[in-house]
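Data block below; observations after.
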Amino acid sequence: MMKPKIVIGNWKMNKDFEEAEDLISTIEDELADFQLQTEVVLCPPAIYAELVTDHASEEGSNFYAGLQNVSEYENGAYTGEISAEMQASMDVSFCIVGHSERRKYFGETDEIVLKKMHRLLANDIVPVMCCGETLEERKAGKHFEIVEKQIESTICTLTPEELERVMIAYEPIWAIGTGETATPEQAQEMLAFIRSLIEKKFGTQLAVFTYILYGGSCNAKNALELFSQPDVDGGLIGGASLKADEFIKIIEAAETVIKDN
Ligand code: 13P
């Protein structure tokens, strides 16, 4: 039997307060009608953390609260930062780390990504660790090498108990916000490769158990085909998570795949 899919909405730096409130309650209302097998996570900007955790904790709500980033440090004199302890105290369940935009614009290295993962794990928050190559790296045929390095220096340094509480998202940078999705075959090929790296280090059982998602221009039109690939355990959705109807259709695609298997 196929394991449940995960669909995560990464709002990035979008929406004012009213729009955020509106989007969260619309998604909440729409999902209330479903007997969902898919796990849904909403990751708004951190300033709206209380909005999303309040809604996620309401009775009958069908989604989890997530955020997009966390400090690599414990509480202390780090102006402007938000710690994993703070997130845990607000019942945040998931947090994205190592997104390519953070790697590119904010100098996030694999070393920092690993520190952030440890902070989250210590506070019982699931890190969703992103990896992926640039267009130049893919054109040069280096995509497997790049992703292997990212996985080796982060995921492969964890203990099996830690890995059980971590998710991975493969997001080819050339597919993010460009409208150019990886083909289902390209997504499957890379996700199977990532799973094989985990299998080599941690064994088959943990490799099968680990959630590996695809992200990059995933939308209502292509989600079904992407999610039908055997190694694609769900999606990390950017632009298409900003519109309730589009995001719901993506969740429906995940449900269809689970029911058909
Ligand atoms: P888009 O879905 O907008 O391409 O963004 C993907 C992404 O970066 C999700 O984290």
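The values are calculated or read from the model by the stated rules, or taken from the named source; none is laboratory data. This structure is a prediction, so every number in the text was calculated from the model and none was measured. FYI the Cβ positions are ideal-geometry reconstructions off the backbone, even for glycines, and counts take in every protein chain you see. All accessible areas refer to the heavy atoms of the entire protein, side chains included, with ligands and DNA or RNA removed. Shrake-Rupley method; radii C 1.70, N 1.55, O 1.52, S 1.80 Å.
If you scan region 195-212, which residues turn out to be within 16 Å of the ligand (Cβ to nearest atom) and of a type in the set (Val, Ile, Thr)? If you could, list the steps in order and put the result at the bottom.
To start, the set of residues in region 195-212 that are within 16 Å of the ligand (Cβ to nearest atom) comprises 211-212.
Residue satisfying the conditions is ILE212 alone.
Can you say whether THR181 is under 17 Å from ILE250 (Cα atoms), buried (at least 20 other Cβ atoms within 10 Å of the Cβ) and of a type in the set (Ser, Thr, Tyr), as far as the supplied structure shows?
Numbers: under 17 Å from ILE250 (Cα atoms): yes; buried (at least 20 other Cβ atoms within 10 Å of the Cβ): yes; of a type in the set (Ser, Thr, Tyr): yes.
Considered against the rule, which asks whether it is under 17 Å from ILE250 (Cα atoms), buried (at least 20 other Cβ atoms within 10 Å of the Cβ) and of a type in the set (Ser, Thr, Tyr), THR181 comes out as yes.
For residues that are open to solvent by less than 30 Å² (accessible area, probe 1.4 Å) and more than 16 Å from VAL166 (Cβ to Cβ), tally how many sit in region 57-75.
4
Give the residue, chosen from PHE227, PHE144, PHE193, PHE202, that is under 21 Å from GLU39 (Cα atoms) and not small (Gly, Ala, Ser).
Exactly one of PHE227, PHE144, PHE193, PHE202 is under 21 Å from GLU39 (Cα atoms) and not small (Gly, Ala, Ser), namely PHE227.
Being touching a residue at least 60 places away in the same chain (Cβ under 8 Å), farther than 22 Å from GLN37 by Cβ and touching a Pro at 6+ places or on another chain (Cβ under 8 Å) narrows it down to one of GLY216, GLY177, GLY239, so name that one.
Numbers: GLY177 fails: touching a Pro at 6+ places or on another chain (Cβ under 8 Å); GLY239 fails: touching a Pro at 6+ places or on another chain (Cβ under 8 Å).
Just a single option satisfies the conditions, and that option is GLY216.
Per-residue answers, yes or no, for (1) over 15 Å from the mean Cα position of the chain (by Cα); (2) open to solvent by 80 Å² or more (accessible area, probe 1.4 Å):
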| residue | (1), (2) |
| --- | --- |
| GLU162 | yes, no |
| ARG165 | no, yes |
| ALA169 | no, no |
| PRO172 | no, no |
| MET190 | yes, no |
| ALA207 | yes, no |
| THR210 | no, no |
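What is the one condition in (1) touching a helix residue (DSSP H, G or I) at 6+ places or on another chain (Cβ under 8 Å); (2) more than 16 Å from the ligand (Cβ to nearest atom); (3) more than 25 Å from GLU101 (Cβ to Cβ) that GLU225 does not satisfy?
(2)
Looking at ALA220, is it within 15 Å of the ligand (Cβ to nearest atom) and touching a Lys or Arg at 6+ places or on another chain (Cβ under 6 Å)?
Judged against the criteria, ALA220 is a match.
Going through region 228-242 one residue at a time, which ones are touching a Leu at 6+ places or on another chain (Cβ under 8 Å) and either open to solvent by 30 Å² or more (accessible area, probe 1.4 Å) or within 10 Å of the ligand (Cβ to nearest atom) (or both)?
Hits for region 228-242 are GLN229, GLY235, LEU236, SER241, LEU242.
Look through region 84-123, keep the residues that are under 17 Å from the mean Cα position of the chain (by Cα) and of a type in the set (Asp, Glu), and return whichever of them is most open to solvent (accessible area, probe 1.4 Å).
Selected residue: GLU101.
Do we find that GLU252 is within 30 Å of ASP16 (Cβ to Cβ), assigned to a helix (DSSP H, G or I) and away from the ligand (no atom under 16 Å from the Cβ) in this structure?
The answer is yes for GLU252.
Residue-by-condition table, conditions (1) part of a loop (DSSP other than H, G, I, E, B); (2) loosely packed, with under 15 Cβ neighbours inside 10 Å; (3) within 16 Å of the ligand (Cβ to nearest atom):
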site	(1), (2), (3)
MET1	yes, yes, no
GLY9	no, no, yes
LYS15	yes, no, yes
THR26	no, no, no
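Looking at the structure I just gave you, is GLU81 on the phi < 0 side of the Ramachandran plot, touching a Ser or Thr at 6+ places or on another chain (Cβ under 9 Å), open to solvent by 60 Å² or more (accessible area, probe 1.4 Å) and modelled with pLDDT of 95 or more? Reasoning before the result, please.
Details: on the phi < 0 side of the Ramachandran plot: yes; touching a Ser or Thr at 6+ places or on another chain (Cβ under 9 Å): yes; open to solvent by 60 Å² or more (accessible area, probe 1.4 Å): yes; modelled with pLDDT of 95 or more: yes.
When the stated conditions are applied, GLU81 passes them.
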